[in-house]
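One structure below.
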Amino acid sequence: MNRIVLIIGMVALALSGLKAQEIREIEGLFYKDNHPYTGSYTTHFENGQVKMELTVKNGKKHGKVKIWFENGQLNEIRSYKNNQMHGKWEMYNANNVKVSVARYKKGQKHGKWLIWGDEGNLMYELHYRNGKKSGTWKNYGKNGEVTSTREYRE
């Protein structure tokens, strides 16, 4: 019995020490004990649900960032490199329907973007190259037919 009390006391002491070393975000950079932080970072809604999970490297977002709605449904998955969006970005609506897939390169829009309606029907296909509109952009009707196109040249 004394062992259990001792273990519980040690765990409580360890957890109270974590509060004193909180990770802080200042102007987009993450710090722990006034030094750039490396590791995982999670925020929560007031109801306790996870709001955001991300990985931090040398104080900067790096890797996947997941963002949830307050009800626990996934809202976004983003990719970061050196604190800039880099790679795929997916968004879901409150009904867990994918509503967009986009790509970034070094913080700029780059590649194919697809946007769906709340029911899952494709509405737009867009293309970017180094942050600029590029290629053929398409609008789709409710039955999946192309309703209009527009060309963008670099």
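Estimated at 0.36 nm per residue, the fully extended path between residue 143 and residue 76 surpasses their Cα-Cα distance by 21.5 nm.
Placing unit charges on the Cβ atoms of the charged side chains and taking the dipole of the chain about its Cα centre, the candidate lying farthest along the positive direction among 116, 62, 95 is 62. Averaging Cα coordinates gives a centre for the range 75-91 and one for the range 95-154; these two points are 16 Å apart.
Other residues within the sphere of radius under 13 Å centred on the Cβ of residue 40, judged by their own Cβ, net out at +4 (K and R +1, D and E -1). The GNM of the chain, with springs linking C-alpha atoms under 10 angstrom apart, assigns the highest mean-square fluctuation among 142, 112, 88 to 142.
Applying 1/(1 + (r/R0)^6) with R0 = 25 Å to the Cβ-Cβ distance of residue 27 and residue 88 gives a FRET efficiency near 0.45.
Shape class of the range 86-153 from the alpha-carbon gyration tensor: oblate, with a/c at 1.5 or above and b/c at least as large as a/b. Taking label points 7 Å from Cα along the Cα-to-Cβ direction, residue 154 and residue 129 give a separation of 0.3 nm. Classify the range 24-154 as rounded, prolate or oblate from the Cα gyration tensor: take a ≥ b ≥ c as the square roots of its eigenvalues, call it rounded if a/c is under 1.5, otherwise prolate when a/b beats b/c and oblate if not. Oblate, since a/c reaches 1.5 and b/c is not below a/b.
Taking Cα atoms only, the orientation of helix 2-20 departs from the longest principal axis of the chain by about 50 degrees.
Our summary gives the chain a relative contact order of 9 percent, counting only alpha carbon pairs under 8 angstrom and 6 or more residues apart.
Here, each number is a calculation from the coordinates, and none is a lab measurement. None of the values given here were measured: they were computed from a predicted structure. We place every Cβ from the backbone using ideal geometry, glycine too, and count neighbours over all the protein chains shown.
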